[in-house]
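See below for the structure under consideration.
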Amino acid sequence: MERHLKILFWFLLVKAVFVLVAIQAQVIGLGPDEAQYWTWSQDLYWGYYSKPPAIAWQIWLGTKVFGNTELGVRLLSVVISSLVSLSVYFLARVCRLKSETAFWAGMVMAFSPLGIMSSFLATTDGGMVLFWTFACIIIAFSLSSGTTPNYDFLGMLILSGALFKWPIYIFWVFVLLARRIYPELRGGNMYRGMAISLLGLVPTVIWNRLHEWATFKHVLTTIMGGHGKEVGTSPLLHGNVFDFLGAQAALLSPILFVLLLLAFVTLIRNSTKVWSSILFCGGVALLLLVGYSTMAIFTKMQGNWCVYAYPSGIVLLSWYACERVKWGKLWLKVGLTLSLILCIAVLSLPTIQARGLLPIPYRVNPFRHNLGWAKLEEALEERGYDPEEHFLFSDKYQMTSILSFYSPGQKRGYFLNLQGSRKNQFSYWPTMVDEQLGKTGFFVVTENSPHWEKMMPEKMEEYREQLGEYFEEVQFLGEYPLFYNGDKVVKGALIFKCINYNGKFPFDPDLF
């Protein structure tokens, strides 16, 4: 094993231990999406409303080791993140970069905000990024060695990534473009590899055939901008391009992002002189970032949607910083150090605020949607919730997911669509009508500051009136603080006891 690879391995091991300890501390709870994926893992199937099935399989495996805990949900994310960093190292090596350069590529992948957060949170991005990087290695090795890639194996990798997220199929676009330039990619049976990769859609197609093709409708709606408020200032510009670009700088950290931009400029200026494997890696990252940024002009784009641009982009960045300019390595180290300090500071925010150590505004805490859930279980128990007699429900699928995980007995909750929201996975599972007729449920709604202060008493009366249409009696059991910033309540829950469900259900707006 190369010396730099050994050093990288030990850094990754230390990072993994740190992340596991931080998860086990249970300061930063599950986010709504993580809790939703956990509910999927409790009911394994071919697919789910918004995503392919692999994230549910991943969490199921983790919970078999550590139970239905936060550590169980996130365990495989720590493993996958480490594998991504190692695969970036090997991608750099097959691009004929020095082992030291490859080491720094792996370090940037591991200790940038993107790398830290991907270790800490259970998302669908991790698995797809891992197999995307493997696919990059196949093509880069072919270009470096002048051999034809094994397209069957490449198809299997893309198939595996598609079980996490479909954007991995974009990889074939880059292969087709590269084939026009590099003759070594023209051999082999690429179309058979494509056919193999398309088998990754089979589980989702099976689920969708039985559920009104909901995933495809949802994805199309999301691409078209969803049902949310337009954020642009012009009838033609409904996007969030500046927010999107800011998110990219935050994911990589500002100094490293600037280095990446400089690397792109150098690549363009020297496109005929650089190795074909480096040109491929840099070109993939550049085209992805430019493509997503362009779309962000016209429609709202989430910052994490193009994270798969970064494995190959980081290889280009490391090539530029370590092998093209004399001052580059110094700034890479500075950027990486500041990135690590920033990540530690951000991860410490919940503890700092909960203990009132510094007067930091709650709104700057990026984990607002992850905090206070352990107290939710206490609140339900104090107010008489019994999982053997009662059920839990909410008017948002995110809160229903949180209730399912952070409640006595961890029984799956129900979604009552009081607000006319789009469909979600709970829309396709047994509903309150199917299973809870005549029974008593606990309805919970939570909010962060500053909206929390506005919930009382207007929201209390509004919810009591809405719920009264579906139950014989609705009792407001009170408000319950979930998280404090110093001595101020900045997150809380309203809890209602709803007696004798009458079987009525809100109008389904048929939105996806």
- Query: How about the stretch 23-46: which of its residues are small (Gly, Ala, Ser) and modelled with pLDDT under 95?
  - Reply: Ala25
- Message: Just to be sure I understand, how many residues within the stretch 271-296 are surrounded by fewer than 19 Cβ atoms within 10 Å (Cβ to Cβ) and among the hydroxyl-bearing types (Ser, Thr, Tyr)?
- Response: 4
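Within the stretch 328-378, can you find the residues that are of a type outside the set (A, V, I, L, M) and under 28 Å from Leu316 (Cα atoms)? First the steps, then the outcome.
Initial filter on the stretch 328-378 (of a type outside the set (A, V, I, L, M)): 328-329, 331, 333, 335, 337, 339, 343, 348, 350-351, 353, 355-356, 359, 361-363, 365-370, 372-373, 375, 377-378.
Those that are of a type outside the set (A, V, I, L, M) and under 28 Å from Leu316 (Cα atoms): Gly328, Lys329, Trp331, Lys333, Gly335, Thr337, Ser339, Cys343.
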- Residue that is surrounded by the most Cβ atoms within 10 Å (Cβ to Cβ) [pool: residues in the stretch 68-81 that are in a helix (DSSP H, G or I) and over 16 Å from the mean Cα position of the chain (by Cα)]: Gly72
- Item | Residue within the stretch 435-443 that is surrounded by fewer than 19 Cβ atoms within 10 Å (Cβ to Cβ), closer than 30 Å to Arg209 by Cα and either among the hydrophobic types (A, V, I, L, M, F, W, C) or out of contact with any Phe, Trp or Tyr (no Cβ under 9 Å at 6 or more places or on another chain) (or both) present | yes
- Message: Can you tell me how many residues within the stretch 407-420 are under 19 Å from Arg464 (Cα atoms) and either surrounded by fewer than 20 Cβ atoms within 10 Å (Cβ to Cβ) or in contact (Cβ under 8 Å) with a residue 60 or more places away in the chain (or both)?
- Response: 5
- Would you tally the residues in the stretch 41-67 being surrounded by fewer than 17 Cβ atoms within 10 Å (Cβ to Cβ) and not in a helix (DSSP H, G or I)? 6
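Any residue that is free of Cβ contacts under 8 Å to residues at least 12 places away in the same chain and more than 19 Å from the chain's Cα centre (by Cα) - is there at least one of those in the stretch 24-32? Please lay out each step first, then the result.
Going residue by residue through the stretch 24-32, those that are free of Cβ contacts under 8 Å to residues at least 12 places away in the same chain are 25.
Checking the rest, the ones that are also more than 19 Å from the chain's Cα centre (by Cα) come to 25.
Checked against the condition, which is being free of Cβ contacts under 8 Å to residues at least 12 places away in the same chain and more than 19 Å from the chain's Cα centre (by Cα), the stretch 24-32 yields at least one hit.
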- Message: Suppose the filter is within 20 Å of the chain's Cα centre (by Cα), buried (at least 16 other Cβ atoms within 10 Å of the Cβ), hydroxyl-bearing (Ser, Thr, Tyr) and in a helix (DSSP H, G or I); does Ser404 pass it?
- Response: yes
- Any idea how many residues of the stretch 336-377 are more than 17 Å from Pro481 (Cβ to Cβ), more than 24 Å from the chain's Cα centre (by Cα) and either among the small types (Gly, Ala, Ser) or surrounded by 14 or more Cβ atoms within 10 Å (Cβ to Cβ) (or both)? 2
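To keep it simple, each residue is scored yes or no on (1) in a helix (DSSP H, G or I); (2) touching a His at 6+ places or on another chain (Cβ under 9 Å); (3) within 21 Å of Phe120 (Cα to Cα); (4) in the same structural domain as Ile255 (by the TED database).
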position: Leu347; (1), (2), (3), (4): yes, no, yes, no
position: Gly356; (1), (2), (3), (4): no, no, no, no
position: Ile360; (1), (2), (3), (4): no, no, no, no
position: Pro366; (1), (2), (3), (4): no, no, yes, no
- So is Gln36 touching a residue at least 40 places away in the same chain (Cβ under 8 Å), surrounded by fewer than 18 Cβ atoms within 10 Å (Cβ to Cβ) and within 23 Å of Pro366 (Cα to Cα) or not? no
- Item | Flag for Ser318 being surrounded by 15 or more Cβ atoms within 10 Å (Cβ to Cβ), among the hydroxyl-bearing types (Ser, Thr, Tyr), closer than 18 Å to Val129 by Cα and modelled with pLDDT of 95 or more | no
- Only one of these is touching a Gly at 6+ places or on another chain (Cβ under 9 Å), of a type outside the set (Lys, Arg) and assigned by the TED database to the domain that holds Phe90: Val19, Val65. Name it. Val65
- Message: Being touching a residue at least 24 places away in the same chain (Cβ under 8 Å) and not in a helix (DSSP H, G or I) is the requirement here; does Tyr292 meet it?
- Response: no
- Message: Give all pairs with beta carbons closer than 8 Å in which a residue from the stretch 83-106 that is touching a residue at least 12 places away in the same chain (Cβ under 8 Å) meets a residue that is not in a helix (DSSP H, G or I) and not aromatic (Phe, Trp, Tyr); count only pairs at least 6 apart in sequence or on separate chains.
- Response: Ser99/Glu2; Ala105/Leu97
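Matching residues to (1) assigned by the TED database to the domain that holds Met301; (2) among the basic types (Lys, Arg); (3) modelled with pLDDT under 95; (4) surrounded by fewer than 21 Cβ atoms within 10 Å (Cβ to Cβ):
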{"position": "Val108", "(1), (2), (3), (4)": "yes, no, no, no"}
{"position": "Leu130", "(1), (2), (3), (4)": "yes, no, no, no"}
{"position": "Asn150", "(1), (2), (3), (4)": "yes, no, no, yes"}
{"position": "Lys165", "(1), (2), (3), (4)": "yes, yes, no, no"}
{"position": "Ile170", "(1), (2), (3), (4)": "yes, no, no, yes"}
{"position": "Leu176", "(1), (2), (3), (4)": "yes, no, no, yes"}
{"position": "Gly193", "(1), (2), (3), (4)": "yes, no, no, no"}
- Residue set Trp327, Trp305; condition of a type in the set (Phe, Trp, Tyr), surrounded by 15 or more Cβ atoms within 10 Å (Cβ to Cβ) and in the same structural domain as Trp172 (by the TED database); output residue Trp305
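The values are calculated or read from the model by the stated rules, or taken from the named source; none is laboratory data. The structure presented is a predicted model; accordingly, all values stated were derived computationally and were not measured. Note that we place each Cβ from the backbone using ideal geometry, even for glycine, and neighbour counts take in every protein chain shown.
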